[in-house]
Amino acid sequence: MDFTFSPEQDALREAVRSFIEREGGRDLVRWAVDDEGRLPDPVWDQMAALGWAGLLVPGEQGGTGLGLVDLVVVQEELGKAAFPGPFLSSAVQATLAALRLGAKDLLPSLAAGTTRGTFALEELGSAEPLGQSIQTQAVPAGERFLLDGRKPTVLDGDRADWALVVARDQAGLGTYLVERPAAEPVPGLDVTRRLTRLELKQRPATRVGPPGDQTDLIQRIVDDIAVALCAETVGACEAALALAVEYAKVRVQFDRPIGTFQAIRHKIVDMLHKLELARVGTHYAAWTSDVDDPERAAAAAMAKGFVGEAANMITAESIQVHGGVGFTWDVDCHLYYRRAKQNDVLFGRGAWYRQRLADMVLGAA
């Protein structure tokens, strides 16, 4: 298997990197943090004009028709910058959900960036994103449905034009379109990202997707989102490692750079080891999804189960290499640590994915 990217994908990576630098890079991120994780609208409009909002949208719906491997390229670069904004919620989560559910009418405006969507899934009470933890209820009301429940972790739910909400109905699990969700902002560990809580009290909604129980379909959506999260986390880890390496070269202690001390060298080597394993696992999981390989579900579980744990170690050790300054606002180490920790728990904790993988491998036995 060829684990290298194509010239077109390398060009896409360079385009994303150049765009971030041109728009301000670190200064833009700090500005967004001061504005509670909001990305300036003109920056989002430029991302949409470049075709990134419609990266996964087929050409007939106005997108570029690329796949998860191409998305990995973009997500890694955004992760390196701890980039704010609705790309993950709208261009990834909402788009993947609309694609898998067959809601083609939602895709053109998503691709153009004129509307923003989000995906409301997780609830309190379980590390598993699906299953019995979903308590939001959908009750028929004429041609529509009324939703009752709470979604405590919805990305960008306060500024999204609509949300695809997973709820329980008579058939099992279904997905419902809620216009103008107007969710309530809540504090989150990752200060570069908007986290909201969506309260649903007799909220009118329209069912989206095929009839019957959609559990398997939603699980596929969650798997793809998990891979996208892993790619972003890999990018954050790469940036955290680069910060540690650079600091170890210039920080002098006992008349020599700390990078010459064995303890620091071992930390950095261990970080690199974890990073490369996380990177390869994520790339493989993205490829299996694009080609519908029989190992797709296992690959997604392996990636999400490993990357979060590895990222927590890498970003935490980056702080340790920096010493006391590592968790101050003067350096960006804590931004990568925050993103890694939050990504680890979004759409299923790593421990649940490891359990899921064990069930796949050992279930027959």
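The values are calculated or read from the model by the stated rules, or taken from the named source; none is laboratory data. Computed from a predicted structure; not experimentally measured. Positions of Cβ are generated from backbone atoms using ideal geometry, with glycine treated the same way; all protein chains shown enter the neighbour counts. Ligands, DNA and RNA are stripped out before the accessible areas are found, and what is left, the full protein with its side chains, is counted by its heavy atoms. Shrake-Rupley method; radii C 1.70, N 1.55, O 1.52, S 1.80 Å.
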Answer residue from segment 321-355, given it is out of contact with any helix residue (DSSP H, G or I) (no Cβ under 7 Å at 6 or more places or on another chain) and of a type in the set (S, T, N, Q) and is modelled with the lowest pLDDT among those: Thr328
Test result for Met302, more than 25 Å from Leu243 (Cα to Cα) and within 17 Å of the chain's Cα centre (by Cα): yes
Scan of segment 213-269 for residues that are surrounded by 15 or more Cβ atoms within 10 Å (Cβ to Cβ) and either among the small types (Gly, Ala, Ser) or touching a Cys at 6+ places or on another chain (Cβ under 8 Å) (or both), ordered by number: Ala226, Ala228, Ala231, Gly235, Ala236, Ala239, Ala240, Leu243, Ala244, Ala248, Gly259
Qualifying residue in segment 215-222 (condition: over 21 Å from the mean Cα position of the chain (by Cα) and either in a helix (DSSP H, G or I) or closer than 30 Å to His322 by Cα (or both)): no
In segment 268-292, residue farthest from the chain's Cα centre (by Cα) [restricted to those that are farther than 17 Å from Ile225 by Cα and without any contact (Cβ under 8 Å) to a residue 24 or more places away in the chain]: Val269
Subset of segment 283-312 (residues that are assigned to a loop (DSSP other than H, G, I, E, B) and either under 23 Å from Ala340 (Cα atoms) or among the charged types (D, E, K, R) (or both)): Asp292, Asp293, Glu295
Hey, Leu164 over 20 Å from Gly63 (Cβ atoms) and touching a Phe, Trp or Tyr at 6+ places or on another chain (Cβ under 8 Å) or not: no
Residue check for Gly51: over 19 Å from Leu155 (Cβ atoms) and open to solvent by 10 Å² or more (accessible area, probe 1.4 Å): yes
Number of the exception - Trp44 against (1) out of contact with any Asp or Glu (no Cβ under 9 Å at 6 or more places or on another chain); (2) open to solvent by 20 Å² or more (accessible area, probe 1.4 Å); (3) of a type outside the set (Lys, Arg): (2)
Which numbered condition Glu23 fails, given (1) modelled with pLDDT under 95; (2) under 20 Å from Leu229 (Cα atoms); (3) open to solvent by 10 Å² or more (accessible area, probe 1.4 Å): (2)
Qualifying residue in segment 77-98 (condition: over 26 Å from Arg180 (Cα atoms), open to solvent by 30 Å² or more (accessible area, probe 1.4 Å) and not in a loop (DSSP other than H, G, I, E, B)): yes
First in segment 255-266 and closer than 15 Å to His322 by Cβ, second anywhere and open to solvent by 70 Å² or more (accessible area, probe 1.4 Å), Cβ under 6 Å, 6 or more apart: Pro257/Lys249; Ile258/Arg251; Gly259/Lys249
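So that you can scan it fast, the table gives a plain yes or no per residue for (1) in contact with a helix residue (DSSP H, G or I) (Cβ under 7 Å, 6 or more places away or on another chain); (2) in a loop (DSSP other than H, G, I, E, B); (3) aromatic (Phe, Trp, Tyr):
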site	(1), (2), (3)
Asp10	no, no, no
Ala15	no, no, no
Glu36	no, yes, no
Leu39	yes, yes, no
Pro42	no, no, no
Asp45	no, no, no
Trp52	yes, yes, yes
Gly65	yes, yes, no
Val72	yes, no, no
Residue tally, condition in contact with a Pro (Cβ under 8 Å, 6 or more places away or on another chain), touching a residue at least 40 places away in the same chain (Cβ under 8 Å) and either within 15 Å of Gly174 (Cα to Cα) or assigned to a loop (DSSP other than H, G, I, E, B) (or both), over segment 108-146: 7
Residue tally, condition farther than 14 Å from Val165 by Cβ, over 27 Å from the mean Cα position of the chain (by Cα) and open to solvent by 50 Å² or more (accessible area, probe 1.4 Å), over segment 128-145: 3
